[in-house]
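Please read the structure below before turning to the comments.
No lab work stands behind these numbers, since they all come straight from the coordinates. Keep in mind it's a predicted model, so treat the numbers as computed, not measured. Note that we place each Cβ from the backbone using ideal geometry, even for glycine, and neighbour counts take in every protein chain shown.
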Amino acid sequence: MATRGRIGLQQKDGTIISAYQHWDSYLSGLGYNLCENWTDPKKVLKGIKLGNASKWHQIIGRKIDFDNRKNELYDVQNVYYGRDRGEKDQGPRVFKNEAEYLQDGFRSSEEYIYLMKEVGEKDFLGQPQGTWFYAHYSDPTEFKPVEEVAIREHIKSLQRYLESKKERKVA
């Protein structure tokens, strides 16, 4: 079962360009991945412009066979419905502002919507770094910072994995 999400980037004019993301959009999955691998607004924009995706990974990557999960790139790059499977009408959606994104961003059964804003830190070269925020469908009233929550959820996920691995050894 998929945890659906939407990834958005706030533009300088306040509009938000976004794309649907199908798998693992929960905070310890996509939320953590966005904070870890997607801090450059230019990279995020390139990824979103390719449209709806099955899964975002560490890099945008290149065209691959959508159904070939044995391809070594499948687990490191984004996999898109348009580019990689050839589906039509899979481009990004644009919302006029944050309020509209909160109101309408959950229309494709998304559980989480993420929003990068160009606020906060710069990298070591002085380039702006984006800051990630999220909203959950159960409380679509405001965006909350992602980073700390996603890291804590990711740690819990890793702890559950270690515990289950330990239980398997005992059995």
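Here are the numbers for the structure shown:
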item	result
Volume per residue of the C-alpha convex hull in segment 78-128, rounded to whole Å³	146 Å³
Å³ per residue enclosed by the Cα convex hull of segment 5-170	139 Å³
Nearest-20 debye value, the chain charge dipole, Cβ charges on Lys, Arg, Asp, Glu	540 debye
Residues of segment 106-122 with amide N under 13 Å of a point placed 7 Å along Cα→Cβ from His136	111-113
Alpha carbon centroid spacing (whole Å) that separates segment 86-117 from segment 8-31	7 Å
All lysines inside 16 Å of Lys165 as judged from Cα atoms, apart from same-chain residues fewer than 8 positions distant	Lys156
